[in-house]
Amino acid sequence: MRDKIYKAKVDGNWFFLIAVFISFVMILIGETSNTNGNKEYYVGILAVGIIGSLLYWMALKCTYTLTSDRLIIKFFLYTNELPYKYIQHIKFSNYPSSGRKAAFAKEGLSIFYSQGNLLFIAPENRDVFVEDLAQRREKIQVIK
């Protein structure tokens, strides 16, 4: 089988809410700690906007690649190769409670591997991803 690359699903609402919250906190800190009357806290808001935009761009570049024998996860500067033989089961999830999270979406897949380890990923089309993975490794149990 040929390698198949799936883009990561990104919920923009998470980024928006985080940026608004951090901007609000920075304005609040700037107002309460301002002793000389200058209004220079806009620099912090600009920095938050730039960093948030960079993180969002990097999240859009995240991919999950299914090869003949392994799942390759590229998330920011992080790359992980997970051989199919270590995957015990996959569960459709709406939000991970623990484990590593290589995703910026609320809906995704929890991958249980190597005796209790958990990895949360969020491919754009979960159903197609799981079908493709099940064809490549038939012994993987899928829990909906």
Of the residues ILE90, ILE51, ILE72, which single one is over 12 Å from the mean Cα position of the chain (by Cα) and part of a helix (DSSP H, G or I)?
ILE51
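Does LYS139 meet the test of being at pLDDT 85 or above and among the charged types (D, E, K, R)? Spell out how you get there, then give the answer.
Numbers: at pLDDT 85 or above: no; among the charged types (D, E, K, R): yes.
The answer is no for LYS139.
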Enumerate the pairs (first residue in the range 76-95 and open to solvent by 40 Å² or more (accessible area, probe 1.4 Å); second residue anywhere and assigned to a loop (DSSP other than H, G, I, E, B) and modelled with pLDDT of 90 or more) with beta-carbon separation below 9 Å, excluding pairs fewer than 6 apart on the same chain, so at least 6 apart or on different chains.
GLU81/THR67; LYS85/ASP69
Would you pick out the residues in the range 54-69 that are assigned to a strand (DSSP E or B) and either farther than 20 Å from LEU118 by Cα or not aromatic (Phe, Trp, Tyr) (or both)?
THR63, THR65, LEU66
Pairs returned, first residue in the range 119-137 that is within 10 Å of ILE90 (Cβ to Cβ) and assigned to a helix (DSSP H, G or I), second residue that is open to solvent by 50 Å² or more (accessible area, probe 1.4 Å) and among the aliphatic types (A, V, I, L, M), beta-carbon separation under 8 angstrom, 6 or more apart or interchain, are VAL130/VAL142; ALA134/VAL142
Any idea how many residues of the range 13-66 are among the aromatic types (Phe, Trp, Tyr), open to solvent by 50 Å² or more (accessible area, probe 1.4 Å) and either modelled with pLDDT under 70 or farther than 30 Å from VAL128 by Cβ (or both)?
6
Please tell me if LYS144 is charged (D, E, K, R) and more than 14 Å from VAL10 (Cα to Cα).
yes
Residues in the range 1-12: is at least one surrounded by 14 or more Cβ atoms within 10 Å (Cβ to Cβ) and at pLDDT below 75?
no
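The values are calculated or read from the model by the stated rules, or taken from the named source; none is laboratory data. Since the structure is predicted, the reported quantities are computational estimates derived from the model, not experimental observations. Cβ sites come from the backbone with ideal geometry, for glycine too, and all protein chains shown count toward neighbours. Accessible surface is based on the protein model in full, side chains and every heavy atom, while ligands, DNA and RNA are left aside. Shrake-Rupley method; radii C 1.70, N 1.55, O 1.52, S 1.80 Å.
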